[in-house]
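Structure record follows, encoded as structure tokens.
The values are calculated or read from the model by the stated rules, or taken from the named source; none is laboratory data. Fair warning: this is a prediction, and the values are worked out from it, not measured in the lab. All Cβ positions, glycine included, derive from the backbone under ideal geometry; neighbour counts span all protein chains shown. What goes into the accessible areas is simple: the full protein's heavy atoms, side chains included, and nothing from ligands, DNA or RNA. Shrake-Rupley method; radii C 1.70, N 1.55, O 1.52, S 1.80 Å.
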Amino acid sequence: MKAPLTTPMEVTVEKMVYKGLGLAHTPRGVLFIPNTYPGDKLSICDIYKKKGVLYGEVKKVLTPSPFRHTSPCTHFPKCGGCQMIDVRYPDQLTLKTNIVKDCLGKLPHLIDMIQPIIPSPDVVYYRNKMDYAFGTDTDGQLIIGLKKRGHFDKVCPIEHCHLQSEASNTIRQFTETFFREAGETARNPVTHEGNCRHLIIRESKNNAQAMVILVTAKANTALYQKYGKALKLAFPEIQSIFHSLNTSQGDHTFPDKLSLLEGATHITETLGALQFNISPYSFFQTNSHGAEVLYKEICEAAQVTKTDTVLDLYCGTGTIGLYLAPHVKFVTGIEEVESATEDAHRNAQMNQIQNIRFITGNVKNILKQTPITANIIIMDPPRAGIAPKALRRIIGLRAKKIVYVSCNPNTMARDLEQLEESGYTVQSMRLMDMFPNTYHVETITVLTHNFA
Ligand SMILES: C[S@@+](CC[C@H](N)C(=O)[O-])C[C@H]1O[C@@H](n2cnc3c(N)ncnc32)[C@H](O)[C@@H]1O
């Protein structure tokens, strides 16, 4: 609930913390302030509490932080896609490194271990997947854009997105015009009225292929087929067009029905010497050029040999395991999304890699049911990190080396604490930027254990 201040309060932002929030100490307590940078002197007009945390709303920037510069994107800061596109890239890397250091507060001995952050090969137009939302503008017209910053139910109209390729920008514009002319409505996430929900565009950066997935709440096969044909005619380079029916109230659930409208069932990305199939709902690193750097770094960090048996946990489409397989004895990948492990099997066949297998299921359950031995574990969990029971079972495997790849330094710090308590020692920690212009940062931590 918001509590407007009778007299605006002056504060100075001390640091940026996880989620890209500015932190300031005030007489009211620690305040987290969105859209601010270290060194900003601010006038705060509102304070509000969410889940026990105090947030401040800026009335005016009194003295801007030296981190602030001009944004190349006209939609910033209204659009929720980027949180720091107005910060110069080397400064973004400093802020991200400091966020990780801040998250390691309970494990200060690890801070000195952080090696310099590896930059992303591309700073703009690097994403190979964009999940646009349908919405309605102030004139009541259907639009396709990105969620407004801090709003799950409002869409920011986009002219040009600096995260996505020019081709993807054009496909979005074409789709917007098509569904406006068809008299379609956007699904309202609050009232659940309307039809069109999302437009997902996936691209292969190294093979110039694209996949388009139109997500709607209602079935209207004739209209979607017409859209598929018109889109393919306008953009012959699109490899694959799907319609996804999602009648649920929540946005990010798997579809009730997925129908191929045009072309192939997947696109193919090339990373290094390997080819990867990508299906509509399989996880694939969203920065292809960055992924090549990340995977090389993981291989080097793991220092594998031909006698190693590797477990690739949370393996998605099997990319890390497939990268490592030629250099080790055997790899087992575990992933809960069935379409991702199906892709992983196909990827192994396509790349003629035989010393690998993939198991579909929840890491926690699979480790309970299936006897698995591995002397090296690579684990790349989602943002929530590793569930406590799953982590206990991972520790129970008694692997001498663990490479923990994390996209959330908060949950990583929690999991590393447990790993250290169980006898693992952190040997190295390297950061990598896979998501320029956002607060996200990837960390690769190597741990070892001298099991008797
Ligand atoms: C950060 S992604 C890593 C994917 C892969 N390592 C890569 O680089 O492409 C996390 C993956 O974990 C999967 N996942 C999430 N929770 C899981 C669980 N409890 N058990 C198994 N897989 C899970 C997700 O579907 C996703 O593919």
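Counting only strands (runs of 3 or more DSSP E) that sit wholly inside region 222-288, those with at least 3 residues that are surrounded by fewer than 19 Cβ atoms within 10 Å (Cβ to Cβ) are 257-263. Being under 30 Å from Gly81 (Cα atoms), assigned to a strand (DSSP E or B) and assigned by TED's automatic domain parsing to the domain that holds Ile320 is the requirement here; does Ile444 meet it? It is true that Ile444 is under 30 Å from Gly81 (Cα atoms), assigned to a strand (DSSP E or B) and assigned by TED's automatic domain parsing to the domain that holds Ile320.
Residues in region 373-390 that are modelled with pLDDT of 95 or more and over 23 Å from Gln285 (Cβ atoms): Asn375, Pro388, Lys389. Inspect all residues belonging to region 423-430 and state whether any of them is at pLDDT 95 or above and within 15 Å of the ligand (Cβ to nearest atom). Within region 423-430 (the criterion being at pLDDT 95 or above and within 15 Å of the ligand (Cβ to nearest atom)), the answer is no, since none of the residues qualifies. Counting only strands (runs of 3 or more DSSP E) that sit completely within region 296-383, those holding 2 or more residues that are touching a helix residue (DSSP H, G or I) at 6+ places or on another chain (Cβ under 9 Å) and open to solvent by 60 Å² or more (accessible area, probe 1.4 Å) correspond to 356-360. Looking across region 389-417, the residues that are out of contact with any Phe, Trp or Tyr (no Cβ under 9 Å at 6 or more places or on another chain), open to solvent by 50 Å² or more (accessible area, probe 1.4 Å) and away from the ligand (no atom under 12 Å from the Cβ) come down to Arg392, Gly396, Arg414, Glu417.
Pairs are defined by a Cβ separation below 9 Å, a sequence spacing of at least 6 or placement on different chains, a first member in region 381-394 that is over 16 Å from Thr445 (Cα atoms), and a second member that is open to solvent by 10 Å² or more (accessible area, probe 1.4 Å) and away from the ligand (no atom under 11 Å from the Cβ); the pairs so defined are Ala384/Thr411; Pro388/Gln418; Lys389/Lys368; Arg392/Gln418; Arg392/Ser422; Arg393/Lys368. Would you call Ser259 within 11 Å of the ligand (Cβ to nearest atom) and either among the polar types (S, T, N, Q) or at pLDDT 95 or above (or both)? Spelling it out, it is not the case that Ser259 is within 11 Å of the ligand (Cβ to nearest atom) and either among the polar types (S, T, N, Q) or at pLDDT 95 or above (or both). For Val53, the conditions (1) open to solvent by 20 Å² or more (accessible area, probe 1.4 Å); (2) β-branched (Val, Ile, Thr); (3) farther than 26 Å from Cys156 by Cβ are fulfilled apart from (3). Return yes when Ile118 is buried (at least 17 other Cβ atoms within 10 Å of the Cβ), in contact (Cβ under 8 Å) with a residue 60 or more places away in the chain and farther than 23 Å from Arg383 by Cβ and no when it is not. Spelling it out, it is not the case that Ile118 is buried (at least 17 other Cβ atoms within 10 Å of the Cβ), in contact (Cβ under 8 Å) with a residue 60 or more places away in the chain and farther than 23 Å from Arg383 by Cβ.
Screening region 274-306 for residues that are without any contact (Cβ under 8 Å) to a residue 60 or more places away in the chain and either of a type in the set (Gly, Ala, Ser) or within 24 Å of Val215 (Cα to Cα) (or both) and picking the one that is nearest to the ligand (Cβ to nearest atom) gives Phe283.
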